[in-house]
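No value in this document is a laboratory result; all are computed from the given coordinates. These numbers come from a predicted model, not from an experiment. Methodologically, a virtual Cβ is constructed for each residue, glycine included, from the backbone with ideal geometry; neighbour enumeration extends over all protein chains shown.
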Amino acid sequence: MAGRIPQAFIDDLLERVDIVEVIERRLPLKKSGRNYSARCPFHDEKTPSFSVSPDKQFYYCFGCGAGGNAIGFVMDYDRVDFPIAVENLATLAGLSVPREERDRPQRDSGREPAKPQKDLFNILDAAARFYREQLRHHPQAARAVDYLKGRGLSGEIARDFGIGYAPPGWDNLLQALGKDDRDRQLLIDSGMVVVKEEDGRMYDRFRDRIMFPILDNRGRVIAFGGRVLTDEKPKYLNSPETAVFHKGKELYGLYQARRAQRQVQRLVVVEGYMDVVALAQFGIPYAVATLGTATSIDHLKKVFRHCPEVIFCFDGDRAGRQAARRALEAALPVMEDGRQARFLFLPEGEDPDTLVRAKGTATFEQLLGTGQPLGDYLFSAVSEGLDLESMEGRARLSTLAAPLIGLLPEGVYKMLMLDSLAERTGISSQRLINLIQQTPPPTPAPPTAEEKPHYTPPIQRRPLPPRAEIVRNPTLYAIGLLLLNPRLAQQVDSADAFAHLSGDAAQLLRDIIDLLHKRPESNTHMLLGHWYDQPWRTLVAEAIDQAFYVPDTGAAAELTETLSHLRQDRIRNELDSLVDKLRSANYADLTPQEKLQLHQLLSQKHGK
């Protein structure tokens, strides 16, 4: 296998190619002031919101948040991995791509050594190969093959989705891949091997199951779903949360759907792996499935980044109705103008797998077109059991529907929904708006540890409705400001000032500060190139999304304020510790050193 592409070559390549030329070879650009604009190739839109900056050699879409340098654009537009994107750009620039020797020690160029996530990707890929091999050659593979044939799956579709087989036995995968302590630890960290708490013994998580590898946007294996060959419980078993797998954000089949279509027009959200695979086999390659969780806002943000329409396909039973209601609540905050959502409920006892086999592709696709539009489903769901001929029923409808409509982004669709509610209740749209403003929104799920602390920097963003309510993470915001304005790193004394912060984002902030101190000549597209083949690429994209709207003239003040906020975290923590001590003791009982520390912290807190 070829070695890593040297970072110095990537930097040189990005200096040689012009992002305007790279993008213009793939879609038409129009001059717009200092920049160029186009309709975004990554989501459906009527008004151009895709901007290319020749100065920063950077692109960004104000609609879906896609952004990056020339390498990132080629990766996303051509749907290729990082090395291939570099090869393509090198050909354009008339360069040949060098490779480092695999056993050569890496010279210090400011790049952080490879992160553990890359090792997790490698071990998960090896597990996928192992399971595919077992499906072909294990002595009991005939059981699995017969099951797949009995479900009507072809060998071609099983190949396309990388389906495999975890044979019976407690340690088949462990014996095959756990050659040493390091590999065994990777199997544990990736969720493939479980450690028994009582005695520390290890065993395979998946045993005697059909294995469905779950892929990320780049086609890397990040987890697995396993289905038993019988009706025993649990029928499906998924990988646990790991450093590379967050089930509330991933969709099974999305990578295959993007590969199968040049431009994804819509996605169908179904409930199971077999539904996705069966629909793909019958010529409907645009189905995806959540991974044992309810449909989330993160899921739908990902869906709408790739297409303008989603169809939720659920069973018509009580559980399906409950799942649809949760999907409705998740969809409302992301229903920007131009997006569509429909709800389709299948007949009792049917699922997409059985229905497409019984009725055929054409009939199933016609059925998809009969799904209820989101607005109709919202009103039918909240009206259930209400007497809309009575004033009490109409009042109850307004009380139930208005807060849900309030979750919609500002725009034409929200106005139309308010008008529809006004017609149904006889209450004016303005009074409904007042009701929404007076009614607290539905309680959101508690934030994850990665989302804290929340902090809104002082400068107001430009009034762009789709993103006007962003709540910013100060660490990611600081990262984004530095990536887009690298020269500002010189106003930061040292990364050590943020040693008290924890988490991947904090480590990335420290790495960027260190890198920019070592290489002050770095610009935005060079920095992006530094992380495009790293697991932290997602963090980089989120950081840029938070900082993109800040004008260059305000970036310095924003960074100063944000870094000051991050530094104050340490002061607040230490001050809280001393205050806790004071609660159980008098000031006079403090030692001279503690009194001095208290005064110093108070002075720092108040800027003296």
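Highest mean first, what order results for 417-427, 473-483 on Cβ atoms within 10 Å? Present the calculation step by step, with values, prior to reporting the outcome.
Details: 417-427: 17.5, 473-483: 25.9.
Sorting 417-427, 473-483 by mean packing, highest first, produces 473-483, 417-427.
Going by a ≥ b ≥ c, the root eigenvalues of the Cα gyration tensor, does the stretch 209-278 fall in the rounded group (a/c under 1.5), the prolate group (a/b larger than b/c) or the oblate group? Please report the intermediate quantities before stating the final value.
Numbers: a/c = 2.24, a/b = 1.41, b/c = 1.59.
Oblate.
Order these by the 10 Å Cβ neighbour count, fewest first: THR293, THR524. Could the numbers behind the result be given before it?
Numbers: THR293 14, THR524 21.
Going from sparsest to densest Cβ surroundings: THR293, THR524.
Neighbouring Cβ atoms within 10 Å as the yardstick, rank HIS565, HIS43, HIS299 fewest first.
Details: HIS565 17, HIS43 22, HIS299 26.
With the sparsest Cβ surroundings first, the list reads HIS565, HIS43, HIS299.
Evaluate the charge dipole of the stretch 254-378 about its Cα centre and quote only its size in Debye, nearest 20, assuming +1 on the Cβ of each Lys and Arg and -1 on the Cβ of each Asp and Glu. Don't skip to the answer; put the middle values down first.
Working: 15 positive and 15 negative charges, 94 e Å.
Around 460 debye, computed over the stretch 254-378.
Counting Lys and Arg as +1 and Asp and Glu as -1, what is the net charge of the other residues whose Cβ lies under 9 Å from the Cβ of VAL270? Write out the running numbers ahead of the final one.
Details: positive: none; negative: GLU271, ASP275, ASP351, ASP353.
Overall, the nearby charge balance is -4.
Quick one: compute the contact order of the stretch 254-378, relative version, from alpha carbon pairs under 8 angstrom and 6+ residues apart, as a percent. Please list the in-between numbers first.
Numbers: 188 pairs, mean separation 33.2, N = 125.
Result for the stretch 254-378 is 27 percent.
Does the stretch 262-303 come out rounded, prolate or oblate by the C-alpha gyration tensor, with a ≥ b ≥ c the root eigenvalues, rounded set by a/c under 1.5 and, if not, prolate when a/b is larger than b/c and oblate if not? Mind showing how you got there, number by number?
Working: a/c = 3.45, a/b = 1.25, b/c = 2.77.
It is oblate, given that a/c is not under 1.5 and a/b is not larger than b/c.
Among the listed pairs LYS149/LYS235; LYS302/LYS359; LYS46/LYS414; LYS56/LYS118; LYS30/LYS56; LYS149/LYS247, which have their C-alpha atoms separated by more than 20 angstrom in this model? Before the final figure, lay out the partial values.
Details: LYS149/LYS235 18 Å; LYS302/LYS359 30 Å; LYS46/LYS414 18 Å; LYS56/LYS118 29 Å; LYS30/LYS56 17 Å; LYS149/LYS247 29 Å.
Those over the limit are LYS302/LYS359; LYS56/LYS118; LYS149/LYS247.
For the stretch 274-339, rounded, prolate or oblate, judged on the Cα gyration tensor with a ≥ b ≥ c (square roots of eigenvalues), a/c < 1.5 rounded, else prolate if a/b > b/c? Walk me through the intermediate numbers first.
On the way: a/c = 1.94, a/b = 1.14, b/c = 1.71.
Oblate shape, in that a/c is at least 1.5 and b/c is the bigger or equal ratio.
What is the sum of charges around ASP231, taking Lys and Arg as +1, Asp and Glu as -1, for the other residues whose C-beta is under 14 Å from the C-beta of ASP231?
Net local charge, ASP231 excluded: +3.
Got the relative contact order for the stretch 7-93 handy, in percent, Cα pairs under 8 Å and 6 or more residues apart? Don't skip to the end; give the middle numbers.
Details: 115 pairs, mean separation 21.5, N = 87.
That works out to 25 percent.
Could you work out the local net charge near SER398, counting Lys and Arg as +1, Asp and Glu as -1, over the other residues with Cβ closer than 10 Å to its Cβ?
Working: positive: ARG394, ARG396, ARG424, ARG431; negative: none.
Taking every other residue near SER398 into account, the sum is +4.
In nm, to one decimal, how far is the modelled label at GLU348 from the one at ARG129, with both set 7 Å along Cα→Cβ?
Going by the 7 Å Cα→Cβ label model, 5.1 nm.
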